[in-house]
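Q: Below are the C-alpha coordinates for one structure; questions will follow.
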Amino acid sequence: MATLDEFSDRHHVVVIGAGFGGLEAVHRLAGAPVRITIVDRRNHHLFQPLLYQVATASLATSEIAWPIRHLLRKRPEITTLLAGVNDIDPEARRVILDDGSTLAYDSLIVATGARHAYFGHDDWEPFAPGLKTLEDATTIRRRILLAFEKAERETDPLRQAALLTFVIIGAGPTGVELAGTIAELARSTLPEDFRNIDTRRARVVLIEAAPRVLGGFAPDLSAYAHRALEGLGVEIFLGQAVSQCTAEGVVYGDTTLAAATIIWAAGVQASPAAGWLDAPADRAGRVKVEADLTVPGRPEIFVIGDTASVAAPDGSPVPGIAPAAKQQGKYVATAIRLRLRGERVLPAFRYKHAGSLATIGKRLAVIDFGFFKLRGALAWWLWGLAHIYFLIGVRNRVSVALSWLWVHARDQRSSRLITQGRENESRPKQR
Ligand SMILES: Cc1cc2nc3c(=O)[nH]c(=O)nc-3n(C[C@H](O)[C@H](O)[C@H](O)COP(=O)(O)OP(=O)(O)OC[C@H]3O[C@@H](n4cnc5c(N)ncnc54)[C@H](O)[C@@H]3O)c2cc1C
(Lines give C-alpha, C1' and ligand atoms only; values in the text may rest on other atoms or scores of the structure.)
Protein backbone atom coordinates (compact mmCIF):
# COMPACT_ATOMS: atom_id res chain seq x y z
CA MET A 1 0.00 0.00 0.00
CA ALA A 2 1.29 3.47 -0.87
CA THR A 3 2.01 5.82 2.03
CA LEU A 4 1.76 9.60 1.88
CA ASP A 5 4.29 10.31 4.66
CA GLU A 6 7.22 10.94 2.35
CA PHE A 7 5.21 13.59 0.50
CA SER A 8 3.65 15.35 3.49
CA ASP A 9 6.05 18.34 3.48
CA ARG A 10 5.52 19.07 -0.17
CA HIS A 11 3.55 21.95 -1.70
CA HIS A 12 -0.07 20.76 -1.69
CA VAL A 13 -2.02 21.13 -4.92
CA VAL A 14 -5.76 20.50 -4.64
CA VAL A 15 -7.56 19.84 -7.91
CA ILE A 16 -11.37 20.01 -7.94
CA GLY A 17 -12.76 18.00 -10.83
CA ALA A 18 -11.26 15.04 -12.68
CA GLY A 19 -12.62 16.00 -16.08
CA PHE A 20 -10.49 16.87 -19.10
CA GLY A 21 -8.89 19.94 -17.50
CA GLY A 22 -8.26 18.62 -13.98
CA LEU A 23 -6.89 15.28 -15.13
CA GLU A 24 -4.57 16.93 -17.67
CA ALA A 25 -3.17 19.23 -14.96
CA VAL A 26 -2.53 16.21 -12.75
CA HIS A 27 -0.80 14.32 -15.57
CA ARG A 28 1.38 17.32 -16.38
CA LEU A 29 2.43 17.66 -12.72
CA ALA A 30 4.04 14.20 -12.76
CA GLY A 31 7.53 14.41 -11.25
CA ALA A 32 6.98 17.93 -9.81
CA PRO A 33 7.81 18.46 -6.11
CA VAL A 34 4.17 18.50 -5.05
CA ARG A 35 1.58 16.30 -3.43
CA ILE A 36 -1.82 16.37 -5.02
CA THR A 37 -5.35 15.78 -3.80
CA ILE A 38 -7.92 15.41 -6.53
CA VAL A 39 -11.57 15.68 -5.51
CA ASP A 40 -14.51 14.68 -7.66
CA ARG A 41 -18.13 14.01 -6.77
CA ARG A 42 -18.13 11.09 -9.20
CA ASN A 43 -15.75 8.18 -9.10
CA HIS A 44 -15.11 8.26 -12.84
CA HIS A 45 -13.57 10.39 -15.54
CA LEU A 46 -16.07 10.70 -18.38
CA PHE A 47 -15.40 11.05 -22.11
CA GLN A 48 -18.34 13.37 -22.76
CA PRO A 49 -17.93 13.61 -26.56
CA LEU A 50 -19.28 10.05 -26.83
CA LEU A 51 -22.09 10.38 -24.28
CA TYR A 52 -24.66 10.65 -27.07
CA GLN A 53 -23.65 7.14 -28.17
CA VAL A 54 -24.59 5.78 -24.73
CA ALA A 55 -27.86 7.74 -24.90
CA THR A 56 -28.63 6.15 -28.29
CA ALA A 57 -27.67 2.59 -27.31
CA SER A 58 -24.48 2.39 -29.41
CA LEU A 59 -21.96 2.13 -26.57
CA ALA A 60 -22.04 0.87 -22.99
CA THR A 61 -21.34 3.20 -20.07
CA SER A 62 -18.10 1.42 -19.16
CA GLU A 63 -16.69 2.08 -22.65
CA ILE A 64 -16.53 5.85 -22.10
CA ALA A 65 -15.76 6.21 -18.39
CA TRP A 66 -12.90 5.11 -16.14
CA PRO A 67 -12.49 5.06 -12.33
CA ILE A 68 -10.35 8.08 -11.40
CA ARG A 69 -8.66 6.17 -8.56
CA HIS A 70 -7.53 3.48 -10.99
CA LEU A 71 -6.25 6.01 -13.55
CA LEU A 72 -4.01 7.56 -10.88
CA ARG A 73 -2.98 4.37 -9.08
CA LYS A 74 0.68 4.58 -10.11
CA ARG A 75 1.14 8.07 -8.65
CA PRO A 76 1.79 7.65 -4.88
CA GLU A 77 1.87 11.43 -4.36
CA ILE A 78 -1.80 11.68 -5.39
CA THR A 79 -4.78 11.13 -3.12
CA THR A 80 -8.16 10.70 -4.81
CA LEU A 81 -11.25 11.74 -2.85
CA LEU A 82 -14.82 10.94 -3.84
CA ALA A 83 -16.56 14.05 -2.50
CA GLY A 84 -18.56 17.03 -3.64
CA VAL A 85 -17.17 20.51 -3.10
CA ASN A 86 -19.70 22.92 -1.63
CA ASP A 87 -17.59 26.01 -1.16
CA ILE A 88 -14.11 27.50 -1.02
CA ASP A 89 -12.66 29.76 1.69
CA PRO A 90 -9.92 31.66 -0.19
CA GLU A 91 -8.83 33.59 2.92
CA ALA A 92 -8.17 30.39 4.89
CA ARG A 93 -7.01 28.58 1.71
CA ARG A 94 -9.46 25.75 2.32
CA VAL A 95 -11.91 23.78 0.22
CA ILE A 96 -15.16 22.87 1.96
CA LEU A 97 -16.49 19.41 1.16
CA ASP A 98 -20.09 18.20 1.23
CA ASP A 99 -19.67 16.45 4.59
CA GLY A 100 -18.52 19.73 6.17
CA SER A 101 -14.85 18.69 6.34
CA THR A 102 -12.21 20.98 4.87
CA LEU A 103 -9.11 20.52 2.77
CA ALA A 104 -6.16 22.93 3.01
CA TYR A 105 -4.26 23.86 -0.17
CA ASP A 106 -1.18 25.79 -1.25
CA SER A 107 -2.32 25.92 -4.88
CA LEU A 108 -5.87 25.25 -6.04
CA ILE A 109 -7.05 24.23 -9.50
CA VAL A 110 -10.81 24.55 -10.00
CA ALA A 111 -11.95 22.44 -12.97
CA THR A 112 -15.59 21.72 -12.19
CA GLY A 113 -16.99 22.00 -15.73
CA ALA A 114 -20.49 23.07 -16.75
CA ARG A 115 -24.02 21.74 -17.02
CA HIS A 116 -26.86 22.38 -19.41
CA ALA A 117 -28.94 25.49 -18.79
CA TYR A 118 -32.65 25.96 -19.42
CA PHE A 119 -32.57 29.76 -19.84
CA GLY A 120 -34.58 30.34 -16.68
CA HIS A 121 -36.92 27.37 -17.27
CA ASP A 122 -35.45 24.78 -14.90
CA ASP A 123 -38.97 23.33 -14.57
CA TRP A 124 -38.52 21.91 -18.12
CA GLU A 125 -35.73 19.58 -17.03
CA PRO A 126 -37.94 16.62 -15.96
CA PHE A 127 -39.58 16.65 -19.42
CA ALA A 128 -36.49 17.49 -21.47
CA PRO A 129 -33.40 15.99 -19.84
CA GLY A 130 -30.01 17.24 -21.00
CA LEU A 131 -26.89 15.20 -21.60
CA LYS A 132 -23.92 15.69 -19.31
CA THR A 133 -23.47 12.64 -17.09
CA LEU A 134 -23.72 8.87 -17.49
CA GLU A 135 -27.00 9.03 -15.55
CA ASP A 136 -28.34 11.57 -18.07
CA ALA A 137 -27.31 9.27 -20.93
CA THR A 138 -28.95 6.16 -19.46
CA THR A 139 -32.08 8.18 -18.61
CA ILE A 140 -32.35 9.34 -22.24
CA ARG A 141 -31.62 5.84 -23.56
CA ARG A 142 -34.32 4.47 -21.29
CA ARG A 143 -36.87 7.05 -22.46
CA ILE A 144 -36.12 6.43 -26.14
CA LEU A 145 -36.36 2.64 -25.86
CA LEU A 146 -39.44 2.76 -23.61
CA ALA A 147 -41.20 5.04 -26.10
CA PHE A 148 -40.85 2.36 -28.80
CA GLU A 149 -42.00 -0.34 -26.33
CA LYS A 150 -45.09 1.65 -25.36
CA ALA A 151 -45.88 2.50 -28.97
CA GLU A 152 -45.87 -1.26 -29.73
CA ARG A 153 -48.72 -1.71 -27.22
CA GLU A 154 -50.62 1.53 -27.89
CA THR A 155 -53.87 1.29 -29.86
CA ASP A 156 -54.80 4.98 -29.99
CA PRO A 157 -53.16 6.35 -33.19
CA LEU A 158 -52.63 9.85 -31.76
CA ARG A 159 -50.96 8.56 -28.64
CA GLN A 160 -48.91 6.15 -30.70
CA ALA A 161 -47.76 9.04 -32.91
CA ALA A 162 -46.72 11.03 -29.82
CA LEU A 163 -44.77 8.03 -28.55
CA LEU A 164 -42.99 7.81 -31.89
CA THR A 165 -42.05 11.51 -31.93
CA PHE A 166 -38.58 12.41 -30.67
CA VAL A 167 -37.76 16.09 -30.26
CA ILE A 168 -34.24 17.41 -29.85
CA ILE A 169 -33.90 21.04 -28.83
CA GLY A 170 -30.65 22.69 -29.96
CA ALA A 171 -28.77 21.97 -33.19
CA GLY A 172 -25.19 22.27 -32.00
CA PRO A 173 -22.91 19.21 -32.35
CA THR A 174 -24.69 17.26 -29.57
CA GLY A 175 -28.18 17.95 -30.95
CA VAL A 176 -27.11 17.04 -34.47
CA GLU A 177 -25.41 13.85 -33.30
CA LEU A 178 -28.43 12.81 -31.25
CA ALA A 179 -30.92 13.55 -34.05
CA GLY A 180 -28.91 11.66 -36.68
CA THR A 181 -28.37 8.63 -34.47
CA ILE A 182 -31.98 8.40 -33.25
CA ALA A 183 -33.11 8.55 -36.88
CA GLU A 184 -30.73 5.70 -37.75
CA LEU A 185 -31.86 3.71 -34.72
CA ALA A 186 -35.50 4.02 -35.83
CA ARG A 187 -34.87 3.41 -39.53
CA SER A 188 -32.09 0.84 -39.57
CA THR A 189 -31.64 -0.86 -36.20
CA LEU A 190 -35.13 -1.41 -34.78
CA PRO A 191 -37.58 -2.20 -37.61
CA GLU A 192 -37.20 -6.00 -37.44
CA ASP A 193 -37.67 -6.09 -33.66
CA PHE A 194 -41.28 -4.86 -33.56
CA ARG A 195 -44.53 -6.41 -34.81
CA ASN A 196 -47.23 -3.75 -34.31
CA ILE A 197 -45.35 -0.60 -35.26
CA ASP A 198 -43.16 0.43 -38.15
CA THR A 199 -40.31 2.18 -36.32
CA ARG A 200 -39.31 3.81 -39.62
CA ARG A 201 -42.38 6.03 -39.22
CA ALA A 202 -40.89 7.63 -36.12
CA ARG A 203 -40.51 11.41 -36.37
CA VAL A 204 -37.20 12.89 -35.29
CA VAL A 205 -37.59 16.66 -34.94
CA LEU A 206 -34.67 19.03 -34.43
CA ILE A 207 -35.58 22.55 -33.25
CA GLU A 208 -33.08 25.39 -33.21
CA ALA A 209 -33.53 29.09 -32.38
CA ALA A 210 -30.58 30.16 -34.58
CA PRO A 211 -30.85 30.36 -38.37
CA ARG A 212 -28.72 27.27 -39.10
CA VAL A 213 -27.61 23.94 -37.65
CA LEU A 214 -24.02 23.68 -36.35
CA GLY A 215 -23.82 27.45 -36.00
CA GLY A 216 -20.18 27.30 -34.88
CA PHE A 217 -19.09 25.69 -38.16
CA ALA A 218 -18.51 27.30 -41.56
CA PRO A 219 -21.82 27.96 -43.41
CA ASP A 220 -21.11 25.39 -46.18
CA LEU A 221 -20.55 22.65 -43.56
CA SER A 222 -23.78 23.69 -41.80
CA ALA A 223 -25.62 23.42 -45.09
CA TYR A 224 -24.10 19.99 -45.71
CA ALA A 225 -25.09 18.80 -42.22
CA HIS A 226 -28.62 20.14 -42.78
CA ARG A 227 -29.00 18.19 -46.03
CA ALA A 228 -27.46 15.06 -44.53
CA LEU A 229 -29.84 15.15 -41.56
CA GLU A 230 -32.82 15.58 -43.87
CA GLY A 231 -31.51 12.63 -45.87
CA LEU A 232 -31.72 10.58 -42.68
CA GLY A 233 -35.34 11.70 -42.26
CA VAL A 234 -34.79 14.32 -39.54
CA GLU A 235 -37.25 17.25 -39.65
CA ILE A 236 -35.46 20.53 -38.93
CA PHE A 237 -37.08 23.74 -37.70
CA LEU A 238 -34.76 26.74 -37.57
CA GLY A 239 -35.20 30.23 -36.14
CA GLN A 240 -37.82 28.97 -33.71
CA ALA A 241 -37.31 29.11 -29.97
CA VAL A 242 -39.07 26.56 -27.81
CA SER A 243 -41.47 28.33 -25.45
CA GLN A 244 -42.78 25.34 -23.52
CA CYS A 245 -41.83 21.76 -22.58
CA THR A 246 -44.39 19.61 -20.80
CA ALA A 247 -45.25 15.96 -20.29
CA GLU A 248 -47.33 16.19 -23.47
CA GLY A 249 -44.74 17.71 -25.79
CA VAL A 250 -43.27 21.04 -26.89
CA VAL A 251 -44.43 24.40 -28.15
CA TYR A 252 -42.18 26.23 -30.63
CA GLY A 253 -43.21 29.29 -32.64
CA ASP A 254 -46.94 28.81 -33.23
CA THR A 255 -46.68 25.03 -33.26
CA THR A 256 -47.66 22.57 -30.53
CA LEU A 257 -46.12 19.16 -31.07
CA ALA A 258 -47.15 16.10 -29.06
CA ALA A 259 -44.00 14.14 -28.21
CA ALA A 260 -43.17 11.55 -25.58
CA THR A 261 -39.42 12.08 -25.76
CA ILE A 262 -37.78 15.49 -25.60
CA ILE A 263 -34.04 15.95 -25.26
CA TRP A 264 -32.41 19.24 -24.31
CA ALA A 265 -29.20 20.06 -26.17
CA ALA A 266 -29.17 23.86 -25.86
CA GLY A 267 -27.49 26.17 -23.38
CA VAL A 268 -24.66 25.74 -20.93
CA GLN A 269 -24.19 27.01 -17.39
CA ALA A 270 -20.82 26.84 -15.64
CA SER A 271 -20.44 25.18 -12.24
CA PRO A 272 -21.07 27.59 -9.34
CA ALA A 273 -17.35 28.15 -8.72
CA ALA A 274 -17.64 31.93 -9.26
CA GLY A 275 -20.00 32.03 -6.27
CA TRP A 276 -17.64 29.94 -4.12
CA LEU A 277 -14.80 32.32 -4.95
CA ASP A 278 -16.81 35.54 -4.96
CA ALA A 279 -15.18 36.16 -8.33
CA PRO A 280 -16.47 38.07 -11.40
CA ALA A 281 -18.40 35.88 -13.83
CA ASP A 282 -19.77 36.10 -17.37
CA ARG A 283 -23.41 35.47 -18.34
CA ALA A 284 -22.88 31.70 -18.39
CA GLY A 285 -21.48 31.83 -14.84
CA ARG A 286 -17.86 31.25 -15.91
CA VAL A 287 -15.18 32.84 -13.75
CA LYS A 288 -13.51 35.75 -15.57
CA VAL A 289 -9.92 34.74 -14.98
CA GLU A 290 -6.71 36.70 -15.56
CA ALA A 291 -4.56 35.99 -18.62
CA ASP A 292 -2.62 33.41 -16.54
CA LEU A 293 -5.92 31.66 -15.60
CA THR A 294 -5.78 32.80 -11.97
CA VAL A 295 -8.68 34.39 -10.10
CA PRO A 296 -8.25 38.19 -9.83
CA GLY A 297 -6.38 38.91 -6.58
CA ARG A 298 -5.81 35.18 -5.88
CA PRO A 299 -2.62 34.08 -7.66
CA GLU A 300 -2.74 30.68 -5.91
CA ILE A 301 -6.16 29.80 -7.39
CA PHE A 302 -6.48 28.73 -11.03
CA VAL A 303 -9.82 28.17 -12.78
CA ILE A 304 -9.77 26.18 -16.03
CA GLY A 305 -11.92 24.47 -18.63
CA ASP A 306 -15.66 25.02 -18.94
CA THR A 307 -15.70 26.95 -15.64
CA ALA A 308 -13.30 29.63 -16.90
CA SER A 309 -13.96 32.61 -19.15
CA VAL A 310 -10.87 33.71 -21.05
CA ALA A 311 -10.24 35.20 -24.49
CA ALA A 312 -8.41 33.47 -27.34
CA PRO A 313 -5.64 35.42 -29.13
CA ASP A 314 -8.17 36.78 -31.67
CA GLY A 315 -10.33 38.15 -28.85
CA SER A 316 -13.10 35.56 -29.20
CA PRO A 317 -13.96 33.51 -26.09
CA VAL A 318 -12.06 30.23 -25.69
CA PRO A 319 -14.69 27.57 -26.53
CA GLY A 320 -16.02 25.10 -23.96
CA ILE A 321 -14.46 22.02 -25.55
CA ALA A 322 -12.16 19.28 -24.34
CA PRO A 323 -8.95 20.43 -26.11
CA ALA A 324 -9.32 23.91 -24.55
CA ALA A 325 -9.69 22.39 -21.06
CA LYS A 326 -6.65 20.16 -21.67
CA GLN A 327 -4.50 23.05 -22.92
CA GLN A 328 -5.44 25.01 -19.80
CA GLY A 329 -4.65 22.02 -17.57
CA LYS A 330 -1.21 21.78 -19.16
CA TYR A 331 -0.66 25.53 -18.78
CA VAL A 332 -1.44 25.66 -15.05
CA ALA A 333 0.75 22.61 -14.35
CA THR A 334 3.64 24.42 -16.03
CA ALA A 335 2.84 27.62 -14.10
CA ILE A 336 2.95 25.76 -10.77
CA ARG A 337 6.22 24.05 -11.66
CA LEU A 338 7.82 27.38 -12.62
CA ARG A 339 6.64 29.09 -9.46
CA LEU A 340 8.04 26.30 -7.30
CA ARG A 341 11.38 26.78 -9.05
CA GLY A 342 11.19 30.47 -8.26
CA GLU A 343 11.15 31.31 -11.97
CA ARG A 344 9.08 34.10 -13.47
CA VAL A 345 5.49 33.32 -14.31
CA LEU A 346 4.51 32.08 -17.74
CA PRO A 347 3.39 34.37 -20.54
CA ALA A 348 -0.39 34.63 -20.86
CA PHE A 349 -2.32 31.47 -21.75
CA ARG A 350 -2.76 31.20 -25.54
CA TYR A 351 -5.43 28.87 -26.85
CA LYS A 352 -4.71 27.01 -30.10
CA HIS A 353 -7.81 25.81 -31.92
CA ALA A 354 -7.12 22.49 -33.64
CA GLY A 355 -10.51 22.25 -35.38
CA SER A 356 -14.18 21.41 -34.86
CA LEU A 357 -15.73 18.00 -35.53
CA ALA A 358 -19.29 16.69 -35.54
CA THR A 359 -20.88 13.47 -36.75
CA ILE A 360 -24.26 13.42 -38.37
CA GLY A 361 -24.74 9.70 -38.64
CA LYS A 362 -23.05 6.53 -39.72
CA ARG A 363 -20.40 7.49 -42.31
CA LEU A 364 -21.34 11.18 -42.19
CA ALA A 365 -19.37 13.89 -40.42
CA VAL A 366 -18.03 17.41 -40.85
CA ILE A 367 -14.61 18.68 -39.82
CA ASP A 368 -13.69 22.37 -39.81
CA PHE A 369 -9.95 23.01 -39.47
CA GLY A 370 -10.42 26.64 -40.54
CA PHE A 371 -7.93 26.49 -43.40
CA PHE A 372 -9.31 23.12 -44.52
CA LYS A 373 -12.78 21.57 -44.40
CA LEU A 374 -13.88 18.00 -44.78
CA ARG A 375 -17.30 16.36 -45.05
CA GLY A 376 -18.84 12.95 -45.66
CA ALA A 377 -17.34 9.50 -45.20
CA LEU A 378 -13.69 10.53 -44.98
CA ALA A 379 -14.55 13.06 -42.28
CA TRP A 380 -16.41 10.29 -40.42
CA TRP A 381 -13.39 7.97 -40.49
CA LEU A 382 -11.12 10.77 -39.29
CA TRP A 383 -13.61 11.65 -36.56
CA GLY A 384 -13.71 7.99 -35.48
CA LEU A 385 -9.93 7.62 -35.44
CA ALA A 386 -9.50 10.83 -33.44
CA HIS A 387 -12.02 9.72 -30.82
CA ILE A 388 -10.55 6.24 -30.52
CA TYR A 389 -7.11 7.80 -30.09
CA PHE A 390 -8.32 10.01 -27.23
CA LEU A 391 -10.06 7.18 -25.34
CA ILE A 392 -8.15 5.81 -22.38
CA GLY A 393 -6.75 2.26 -22.47
CA VAL A 394 -6.28 -0.34 -25.16
CA ARG A 395 -9.28 -2.42 -24.09
CA ASN A 396 -11.69 0.53 -24.48
CA ARG A 397 -10.21 1.52 -27.82
CA VAL A 398 -10.66 -2.02 -29.16
CA SER A 399 -14.12 -2.35 -27.63
CA VAL A 400 -15.38 0.97 -29.06
CA ALA A 401 -13.85 0.24 -32.48
CA LEU A 402 -15.61 -3.15 -32.54
CA SER A 403 -18.94 -1.63 -31.47
CA TRP A 404 -18.66 0.92 -34.29
CA LEU A 405 -17.70 -1.68 -36.85
CA TRP A 406 -20.77 -3.65 -35.79
CA VAL A 407 -23.01 -0.60 -36.22
CA HIS A 408 -21.29 0.07 -39.51
CA ALA A 409 -21.62 -3.43 -40.92
CA ARG A 410 -24.88 -4.67 -39.38
CA ASP A 411 -26.76 -1.58 -38.17
CA GLN A 412 -26.91 -3.23 -34.77
CA ARG A 413 -26.53 -1.26 -31.57
CA SER A 414 -25.59 -3.59 -28.78
CA SER A 415 -26.52 -1.50 -25.73
CA ARG A 416 -30.31 -1.51 -26.15
CA LEU A 417 -30.96 -2.23 -22.50
CA ILE A 418 -33.72 -0.55 -20.55
CA THR A 419 -32.15 -0.25 -17.14
CA GLN A 420 -32.30 2.11 -14.19
CA GLY A 421 -35.26 4.06 -12.97
CA ARG A 422 -38.73 2.86 -12.13
CA GLU A 423 -40.76 0.71 -14.48
CA ASN A 424 -43.40 3.34 -15.25
CA GLU A 425 -41.07 6.30 -15.45
CA SER A 426 -41.80 7.50 -18.97
CA ARG A 427 -44.14 9.90 -20.64
CA PRO A 428 -46.86 10.44 -21.63
CA LYS A 429 -48.58 8.99 -18.56
CA GLN A 430 -50.43 5.70 -18.90
CA ARG A 431 -54.19 6.03 -18.95
C1 LIG B 1 -22.78 15.75 -24.50
C2 LIG B 1 -21.47 16.48 -24.67
C3 LIG B 1 -20.75 16.32 -25.83
C4 LIG B 1 -19.53 16.97 -26.00
N5 LIG B 1 -18.84 16.79 -27.15
C6 LIG B 1 -17.62 17.34 -27.29
C7 LIG B 1 -16.84 17.07 -28.43
O8 LIG B 1 -17.26 16.35 -29.34
N9 LIG B 1 -15.60 17.63 -28.51
C10 LIG B 1 -15.12 18.44 -27.52
O11 LIG B 1 -13.97 18.88 -27.61
N12 LIG B 1 -15.84 18.73 -26.43
C13 LIG B 1 -17.08 18.20 -26.28
N14 LIG B 1 -17.83 18.48 -25.18
C15 LIG B 1 -17.34 19.46 -24.20
C16 LIG B 1 -16.28 18.88 -23.30
O17 LIG B 1 -16.72 17.65 -22.78
C18 LIG B 1 -16.01 19.88 -22.18
O19 LIG B 1 -15.58 21.09 -22.75
C20 LIG B 1 -14.94 19.36 -21.24
O21 LIG B 1 -15.39 18.20 -20.59
C22 LIG B 1 -14.58 20.44 -20.22
O23 LIG B 1 -13.64 19.92 -19.34
P24 LIG B 1 -13.61 20.39 -17.84
O25 LIG B 1 -12.42 19.75 -17.22
O26 LIG B 1 -13.74 21.86 -17.76
O27 LIG B 1 -14.95 19.83 -17.20
P28 LIG B 1 -15.51 18.33 -17.17
O29 LIG B 1 -14.80 17.46 -18.10
O30 LIG B 1 -16.99 18.48 -17.28
O31 LIG B 1 -15.15 17.85 -15.70
C32 LIG B 1 -15.69 18.45 -14.56
C33 LIG B 1 -15.49 17.49 -13.40
O34 LIG B 1 -15.78 18.19 -12.20
C35 LIG B 1 -16.58 17.37 -11.36
N36 LIG B 1 -17.34 18.26 -10.50
C37 LIG B 1 -18.24 19.18 -10.90
N38 LIG B 1 -18.73 19.84 -9.83
C39 LIG B 1 -18.12 19.32 -8.74
C40 LIG B 1 -18.22 19.57 -7.35
N41 LIG B 1 -19.03 20.52 -6.85
N42 LIG B 1 -17.47 18.82 -6.52
C43 LIG B 1 -16.65 17.84 -6.99
N44 LIG B 1 -16.52 17.57 -8.31
C45 LIG B 1 -17.25 18.29 -9.16
C46 LIG B 1 -17.43 16.56 -12.32
O47 LIG B 1 -17.92 15.38 -11.71
C48 LIG B 1 -16.44 16.31 -13.46
O49 LIG B 1 -15.74 15.11 -13.29
C50 LIG B 1 -19.05 17.82 -24.98
C51 LIG B 1 -19.79 17.99 -23.80
C52 LIG B 1 -20.99 17.32 -23.65
C53 LIG B 1 -21.77 17.50 -22.37
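The values are calculated or read from the model by the stated rules, or taken from the named source; none is laboratory data. Everything numeric here is computed off the predicted structure, so don't read it as measured data. Neighbour counts run over all protein chains shown; Cβ positions are idealised from the backbone, glycine included. In case anyone asks, the SASA skips ligands and DNA or RNA and just uses the protein heavy atoms, side chains included. Shrake-Rupley method; radii C 1.70, N 1.55, O 1.52, S 1.80 Å.
Q: Can you pull out the residues in region 37-89 that are in a loop (DSSP other than H, G, I, E, B), open to solvent by 10 Å² or more (accessible area, probe 1.4 Å), in contact with a Phe, Trp or Tyr (Cβ under 6 Å, 6 or more places away or on another chain) and within 12 Å of the ligand (Cβ to nearest atom)?
A: Hits for region 37-89: nothing passes.
Q: Let me ask another. Can we say Ile16 is in contact (Cβ under 8 Å) with a residue 40 or more places away in the chain and more than 9 Å from the ligand (Cβ to nearest atom)?
A: When the stated conditions are applied, Ile16 does not pass them.
Q: Another question about this same structure. Quick one: which strands (runs of 3 or more DSSP E) sit completely within region 273-379 and have at least 1 residues that are within 21 Å of Gln48 (Cβ to Cβ)?
A: 298-303, 356-361, 364-368
Q: Thr61: within 21 Å of Ala386 (Cβ to Cβ), of a type in the set (Ser, Thr, Tyr) and in contact (Cβ under 8 Å) with a residue 40 or more places away in the chain, yes or no?
A: Criteria not met by Thr61.
Q: Of the residues that sit in region 340-352 and are in contact with a helix residue (DSSP H, G or I) (Cβ under 8 Å, 6 or more places away or on another chain) and in contact (Cβ under 8 Å) with a residue 24 or more places away in the chain, which one is surrounded by the fewest Cβ atoms within 10 Å (Cβ to Cβ)?
A: Ranking the qualifying residues of region 340-352, first place goes to Lys352.
Q: Something else now. Looking only at strands (runs of 3 or more DSSP E) that fall completely inside region 216-268, which ones have 1 or more residues that are surrounded by 23 or more Cβ atoms within 10 Å (Cβ to Cβ) and touching a residue at least 24 places away in the same chain (Cβ under 8 Å)?
A: Once the strands (runs of 3 or more DSSP E) in region 216-268 are filtered for at least 1 residues that are surrounded by 23 or more Cβ atoms within 10 Å (Cβ to Cβ) and touching a residue at least 24 places away in the same chain (Cβ under 8 Å), what remains is 234-238, 242-245, 249-252, 261-264.
Q: Can you say whether Leu382 is surrounded by 15 or more Cβ atoms within 10 Å (Cβ to Cβ) and closer than 30 Å to His70 by Cα, as far as the supplied structure shows?
A: Spelling it out, Leu382 is indeed surrounded by 15 or more Cβ atoms within 10 Å (Cβ to Cβ) and closer than 30 Å to His70 by Cα.
Q: Let me ask something additional. Can you tell me which residue is least open to solvent (accessible area, probe 1.4 Å) among those in region 90-121 that are of a type in the set (Asp, Glu) and more than 15 Å from the ligand (Cβ to nearest atom)?
A: Asp106
Q: Do you know which of the residues in region 305-319 that are aliphatic (A, V, I, L, M) and surrounded by fewer than 21 Cβ atoms within 10 Å (Cβ to Cβ) is farthest from the ligand (Cβ to nearest atom)?
A: Looking at the filtered set, the residue picked out is Ala311.
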